[in-house]
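Colleague: Here's a structure for you.
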Amino acid sequence: MAKKFRIGKEITFLPTCQSTNSYAMNFALKGDINNGTVIVAEDQTAGRGQRGNHWESEPGKNLTFSAAVQLPFVHLSEQFYISMVVALSIYEVLEQYIPSDLLKLKWPNDILVGEQKICGILIENVIRAGKIDWCVIGVGLNVNQMSFQLDRAISLGMCCGQLFDKREILQLIVQSMSERFHNLAEGHQEKIKEAYLNALYGYQQVHDFEEADGTRIKGRIIGVEDQGPLLVESALGQKSYQFKEIKFVALDY
């Protein structure tokens with residue numbers, strides 16, 4: 001049996017920092033951080049999202065944190081399982097508060113309520129000698145913010161009409177992550193991928209997509225590859241897309 005490790009055994013709370021991912025990565029690169037350490041910022045002044053986007057977060061209202069982990073059981077060729085585990089862990093926690101018919105994962109790892117974004121994930125790996133040495137998992141989860149500049153954003157508080165204890169939500173997430181990473185270490189890749197696909201927005205449904213060159217196609221998602229490419233089937237056949245090579249026409253974020 002794979003040895004368990006616990007994410008969140010050590011948690012550092014910062015009143016402010018530019019980016020929890022940058023903060024954690026700095027220590028990981030120096031080997032000056034323990035496996036599973038979580039860095040939480042009340043005010044993240046330069047939070048980063050996918051595609052280089054800025055993550056909007058009102059100080060003190062949301063969960064902005066990063067976990068520095070070492071996952072020797074994850075091969076470089078299967079690195080997308082990290083993303084699947086993290087997204088599923090957060091999805092699993094949010095399912096306790098939000099009806100599952102409204103909650104969806106959007107490839108590669110955004111979490112939506114309807115067509116509004118509640119959570120973004122940014123995963124950055126340190127590769128040494130062809131292996132993942134450190135993985136820094138950044139999470140921005142909208143919890144108690146009740147209004148956003150962009151109407152495509154939503155929070156847990158907005159969904160449920162109440163405020164939440166952010167530390168309690170954090171503990172639920174890191175516990176769920178720890179359990180799912182243990183499942184991954186035990187070799188349950190297929191079960192993890194099945195759960196991810198079942199929660200995936202647009203899976204096995206016909207949608208309008210736009211390729212990087214502006215070409216519009218109608219297709220359906222039929223799977224994801226272990227390194228992350230999205231598999232889409234259209235009238236032209238089956239094609240795999242890297243991140244940024246395809247997007248939903250109706251969800252341009």
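The values are calculated or read from the model by the stated rules, or taken from the named source; none is laboratory data. From a predicted model like this one, the values you see are computed outputs, not experimental measurements. Note: ideal-geometry Cβ built from the backbone for every residue, glycine included; neighbour counts use all protein chains shown. Please note that ligands, DNA and RNA were not included when accessible areas were found on the heavy atoms of the full protein model with its side chains. Shrake-Rupley method; radii C 1.70, N 1.55, O 1.52, S 1.80 Å.
Colleague: Is it true that Gln175 is of a type in the set (S, T, N, Q), within 23 Å of Phe73 (Cα to Cα) and modelled with pLDDT under 95?
Modeller: Taking the combined requirement at face value, the residue does not satisfy it.
Colleague: Related question: Which of the residues belonging to the stretch 97-108 are of a type outside the set (Phe, Trp, Tyr), over 30 Å from Leu29 (Cβ atoms) and part of a loop (DSSP other than H, G, I, E, B)?
Modeller: Once the filter is applied, which keeps residues that are of a type outside the set (Phe, Trp, Tyr), over 30 Å from Leu29 (Cβ atoms) and part of a loop (DSSP other than H, G, I, E, B), the stretch 97-108 yields Ile98, Pro99, Ser100, Asp101, Leu102.
Colleague: Here are the criteria: (1) of a type outside the set (Val, Ile, Thr); (2) part of a helix (DSSP H, G or I); (3) touching a Cys at 6+ places or on another chain (Cβ under 9 Å). Tell me which single one Glu124 does not satisfy.
Modeller: With respect to (1) of a type outside the set (Val, Ile, Thr); (2) part of a helix (DSSP H, G or I); (3) touching a Cys at 6+ places or on another chain (Cβ under 9 Å), Glu124 is out only on (2).
Colleague: Select, from Leu170, Leu163, the only residue that is open to solvent by 50 Å² or more (accessible area, probe 1.4 Å), within 30 Å of Ala68 (Cβ to Cβ), of a type in the set (A, V, I, L, M) and not in a strand (DSSP E or B).
Modeller: Leu163
Colleague: Next question. Looking at the stretch 217-253 only, could you name the residues that are among the basic types (Lys, Arg) and surrounded by fewer than 17 Cβ atoms within 10 Å (Cβ to Cβ)?
Modeller: Result: Lys218, Arg220, Lys239, Lys244.
Colleague: Touching a residue at least 60 places away in the same chain (Cβ under 8 Å), out of contact with any Pro (no Cβ under 9 Å at 6 or more places or on another chain), more than 19 Å from Ser147 (Cα to Cα) and open to solvent by less than 10 Å² (accessible area, probe 1.4 Å), is that true of Ala87?
Modeller: Criteria not met by Ala87.
Colleague: Shifting gears a bit: Consider Met177 carefully, then state whether it is farther than 18 Å from Phe65 by Cα, assigned to a helix (DSSP H, G or I) and either in contact (Cβ under 8 Å) with a residue 24 or more places away in the chain or not aromatic (Phe, Trp, Tyr) (or both).
Modeller: Here the answer is no, as Met177 does not meet what is asked.
Colleague: While we're here: Could you please find all residues in the stretch 180-212 being among the small types (Gly, Ala, Ser) and either touching a residue at least 12 places away in the same chain (Cβ under 8 Å) or under 15 Å from Ser89 (Cα atoms) (or both)? I'd like the intermediate steps shown before the answer.
Modeller: Kept after step one, since they are among the small types (Gly, Ala, Ser), are these residues of the stretch 180-212: 185, 187, 195, 199, 202, 212.
Within the stretch 180-212, Ala185, Ala195, Ala199, Gly202, Ala212 qualify.
Colleague: Being in a strand (DSSP E or B), without any contact (Cβ under 8 Å) to a residue 40 or more places away in the chain, crowded, with 19+ Cβ neighbours inside 10 Å and in contact with a helix residue (DSSP H, G or I) (Cβ under 9 Å, 6 or more places away or on another chain) is true for just one of Ile111, Ile118, Ile132. Which residue is that?
Modeller: Ile111
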